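The values are calculated or read from the model by the stated rules, or taken from the named source; none is laboratory data. None of the values given here were measured: they were computed from a predicted structure. Counting neighbours? That spans all protein chains shown, and the Cβs are built from the backbone with ideal geometry, glycine included. For accessibility, only protein heavy atoms count, side chains too; no ligands or nucleic acids. Shrake-Rupley method; radii C 1.70, N 1.55, O 1.52, S 1.80 Å.
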Amino acid sequence: MIRSGLLNGLLIVMLSGPRAKAIEERIWTSFNNSIGGNLYRAKPFALPCFSHFEGLPSVFNASACAEIQKNYASASFRIESYNGFIYNQDEICVADSQNQCLLDYNNPANPAAFTNISCNQGSVSDYYIEVHSPEDVIAALQFSRATGIRLSIKNSGHDFFGRNSGKGTFALWMRRFRDISHDKAFVPEGCVNMQPRDTITTGAGVNFDEVYRFADEHNVTFIGGYSPTVGTTGGWLQGGGHSVLSVVHGLGIDRVLEFKVITPDGVLRTANACVNPDLFWALRGGGGGTFGIVLSATHAVEPRMPLIVASIKYTQTTANVNEWIEILVNNSLRWATEGWGGHYLANNFICVTPLLSVQDAEKSMEIASSFALSNNGTVVVENLDSWYVFYSKYVIPNVARIARPQILNSRLIPDSLFATESGRAGLIALMNWMIEVGLTPYIPNTTPYLYSWTSNSTSSTTAWRGSVWHLSTGIAWGYNSTFAQRAASLKLLDQVAEKMHELVPNGGAYFNEANPWTKDWKEDWWSDNYETLLAIKKKYDPEELLSCWKCVGFEESSAVERFPCFQAFELGASTPA
């Protein structure tokens with residue numbers, strides 16, 4: 001049992017007194033004993049390659065460093081360690097180029113990145129709990145409440161906002177919650193009149209690679225994301241959850257039927273349409289790490305289904321890229337009505353549909369195919385037996401690059417823009433401008449365009465409904481980039497944001513893949529739902545034990561104290577805060 005009286009003084013103890021360090025260590029040790037030894041100190045991922053840590057001598061570990069260098073860009077390697085974040089902005093202080101511990105992502109063996117340089121803690125929590133049971137989570141919440149130390153929640157480390165880490169937090173690492181089960185006739189608790197559904201329940205640590213394999217073994221299709229190592233139950237799901245199959249089968253928030261969640265008051269709750277329906281609604285789009293610690297989620301699944309794939313690429317030049325962009329813009333509305341979902345880029349796309357035959361698909365893609373073949377390209381249109389076959393052949397070999405700081409900006413593009421000549425012209429002009437200034441348009445065609453949505457059943461932005469594209473682009477920083485260089489690149493991204501907003505002024509953006517410094521973030525990410533979400537947040541987390549950058553409940557007044565690394569850019573500073 002945690003002794004609240006002792007813990008109440010922890011923050012003062014940590015900051016003052018000659019015996020502070022020893023007392024602090026005893027408190028952490030006592031807490032560790034209370035949770036069965038599952039508390040660990042956290043150090044940056046690349047520390048073994050450095051000979052200094054926080055300015056003091058540290059032991060260079062040649063064998064551990066070699067292993068890290070070998071696997072520096074391996075997501076499957078990183079997710080098995082608490083400190084293995086997928087995107088570097090989650091582990092560094094983005095506003096202080098000295099407060100980080102990074103290797104050169106282009107050449108992890110480059111000694112310039114770690115020789116005579118101090119590895120610093122950045123935004124990595126000092127301590128984390130390797131969560132094995134609900135009791136670990138409840139104990140962590142008690143500890144947070146008693147000490148005032150905020151929590152952060154991490155599974156695999158896929159986040160663009162730094163919401164799964166945090167300077168000054170202590171972390172819950174959920175990767176060990178790996179249970180998966182299949183129920184052909186699931187009925188949510190308390191929903192006696194609901195028809196049984198075919199479902200898969202995933203623990204908080206299960207990722208897509210694991211659930212796709214499991215679903216295939218059980219002859220069903222799980223509608224999920226495109227990256228093998230993204231978690232099924234955390235931020236992806238709670239923030240919206242798009243898929244290349246969303247066009248027909250909906251977002252992750254449309255398909256989840258029940259959560260098991262521990263709210264910040266330390267109560268393990270069921271949340272579904274019949275039990276705690278307000279919490280269920282909030283978890284269906286209100287964002288991860290905000291309303292509670294989700295232990296598992298139950299998702300509706302589809303039967304095993306064949307898919308038609310179109311993989312088309314061409315040799316891009318300055319002379320022909322505009323025509324390709326025009327083809328994408330002028331045909332995307334029709335493609336959406338035919339069930340095509342995928343990812344469009346400036347020189348290729350890979351799309352799938354469950355609705356067409358091979359013959360119909362070839363006809364559908366004829367204009368893109370003809371262009372590609374006339375520009376030294378290739379075309380594949382084929383029928384694959386299942387999602388897992390498609391995933392193995394097309395997704396795994398084309399995983400996105402990781403292990404670098406990468407900041408995104410995006411906008412949901414409604415069908416009304418594609419329906420008019422002026423709208424299409426504006427979209428073409430925007431994308432051509434992006435290419436001219438050195439950015440790469442990235443277009444997940446992953447909106448729930450054909451899915452029959454029940455109004456107000458989910459809490460994410462309503463801009464998802466009726467949109468055809470999730471138009472995106474991003475910038476990446478070098479491992480040794482300065483604050484000024486980072487700020488300059490963000491100014492370019494701000495220009496993109498302004499142009500996207502001008503094109504779609506009343507639209508929205510996908511919370512998980514938006515610009516972290518979005519100005520109208522409440523409206524863009526949650527439409528008119530924010531105030532209701534905030535009321536639910538205050539009901540279940542009145543002490544604000546869970547908080548993250550521009551999540552529900554975020555207050556500008558406390559941002560400098562709680563989120564100094566991100567807030568420095570929000571303030572438009574030209575030097576680090």
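Worth a mention:
- Single match in 250, 234 (criterion: in contact with a Pro (Cβ under 8 Å, 6 or more places away or on another chain) and crowded, with 21+ Cβ neighbours inside 10 Å): 250
- Any hit, region 529-545, residues being of a type in the set (Lys, Arg) and within 22 Å of the chain's Cα centre (by Cα): yes
- Qualifying residue in region 197-210 (condition: assigned to a strand (DSSP E or B), under 24 Å from residue 526 (Cα atoms) and within 14 Å of the chain's Cα centre (by Cα)): no
- Scope region 129-183; condition in a helix (DSSP H, G or I) and either free of Cβ contacts under 8 Å to residues at least 24 places away in the same chain or open to solvent by 30 Å² or more (accessible area, probe 1.4 Å) (or both); matching residues: 134, 135, 138, 142, 145
- Residue match in region 524-541 (condition: at pLDDT below 95, in contact with a Leu (Cβ under 8 Å, 6 or more places away or on another chain) and crowded, with 20+ Cβ neighbours inside 10 Å): no
- Of the helices (runs of 4 or more DSSP H) lying entirely inside region 350-411, those containing at least 1 residues that are over 18 Å from residue 246 (Cβ atoms), free of Cβ contacts under 8 Å to residues at least 60 places away in the same chain and basic (Lys, Arg) span 358-364.
- Within the option set 164, 116, 120, being on the phi > 0 side of the Ramachandran plot and of a type in the set (S, T, N, Q) holds for one residue only, 116.
- Checklist (1) open to solvent by less than 10 Å² (accessible area, probe 1.4 Å); (2) in contact with an Asp or Glu (Cβ under 8 Å, 6 or more places away or on another chain); (3) not basic (Lys, Arg) applied to residue 201, failing item: (1)
- Single unsatisfied condition, residue 415 versus (1) free of Cβ contacts under 8 Å to residues at least 40 places away in the same chain; (2) surrounded by 15 or more Cβ atoms within 10 Å (Cβ to Cβ): (1)
- Subset of region 478-513 (residues that are part of a loop (DSSP other than H, G, I, E, B), modelled with pLDDT of 95 or more and either among the aromatic types (Phe, Trp, Tyr) or buried (at least 19 other Cβ atoms within 10 Å of the Cβ) (or both)): 479, 504, 508, 509, 510
Rundown of residues vs (1) within 26 Å of residue 530 (Cβ to Cβ); (2) modelled with pLDDT of 95 or more; (3) in contact with a helix residue (DSSP H, G or I) (Cβ under 8 Å, 6 or more places away or on another chain); (4) β-branched (Val, Ile, Thr), yes/no style:
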site: 457; (1), (2), (3), (4): yes, yes, yes, no
site: 462; (1), (2), (3), (4): yes, yes, yes, yes
site: 470; (1), (2), (3), (4): yes, yes, yes, no
site: 475; (1), (2), (3), (4): no, yes, yes, yes
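The rows are residues; the columns are (1) among the polar types (S, T, N, Q); (2) surrounded by fewer than 19 Cβ atoms within 10 Å (Cβ to Cβ); (3) in contact with a strand residue (DSSP E or B) (Cβ under 9 Å, 6 or more places away or on another chain).
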residue: 422; (1), (2), (3): yes, yes, no
residue: 444; (1), (2), (3): no, no, yes
residue: 447; (1), (2), (3): yes, no, yes
residue: 463; (1), (2), (3): no, no, yes
residue: 473; (1), (2), (3): yes, no, yes
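- The number of residues in region 324-349 that are open to solvent by 50 Å² or more (accessible area, probe 1.4 Å) and assigned to a helix (DSSP H, G or I) comes to 4.
- Pairs are defined by a Cβ separation below 6 Å, a sequence spacing of at least 6 or placement on different chains, a first member in region 96-120 that is free of Cβ contacts under 8 Å to residues at least 12 places away in the same chain, and a second member that is open to solvent by less than 30 Å² (accessible area, probe 1.4 Å); the pairs so defined are 110/104.
- Subset of region 52-79 [part of a loop (DSSP other than H, G, I, E, B), in contact (Cβ under 8 Å) with a residue 24 or more places away in the chain and open to solvent by 40 Å² or more (accessible area, probe 1.4 Å)]: 54, 55, 73
- Pairs with Cβ under 9 Å, 6+ apart, first in region 227-241 and free of Cβ contacts under 8 Å to residues at least 12 places away in the same chain and farther than 17 Å from residue 551 by Cα, second open to solvent by 10 Å² or more (accessible area, probe 1.4 Å) and among the aliphatic types (A, V, I, L, M): none
- Here residue 285 meets each of (1) within 30 Å of residue 420 (Cβ to Cβ); (2) open to solvent by 10 Å² or more (accessible area, probe 1.4 Å); (3) touching a Leu at 6+ places or on another chain (Cβ under 9 Å) with one exception, condition (2).
- Residue 271 being crowded, with 24+ Cβ neighbours inside 10 Å, touching a helix residue (DSSP H, G or I) at 6+ places or on another chain (Cβ under 6 Å) and free of Cβ contacts under 8 Å to residues at least 24 places away in the same chain: yes
- Positions within region 449-461 being under 24 Å from residue 290 (Cβ atoms), of a type outside the set (Phe, Trp, Tyr) and open to solvent by 10 Å² or more (accessible area, probe 1.4 Å), in sequence order: 454, 455, 456, 457
- Within region 543-568, the set of residues being more than 17 Å from residue 90 (Cα to Cα), in a loop (DSSP other than H, G, I, E, B) and either charged (D, E, K, R) or free of Cβ contacts under 8 Å to residues at least 24 places away in the same chain (or both) comprises 543, 544, 554, 555.
- Taking the criterion of being among the β-branched types (Val, Ile, Thr) and touching a helix residue (DSSP H, G or I) at 6+ places or on another chain (Cβ under 7 Å), the residues of region 424-442 that qualify are 428, 435, 437.
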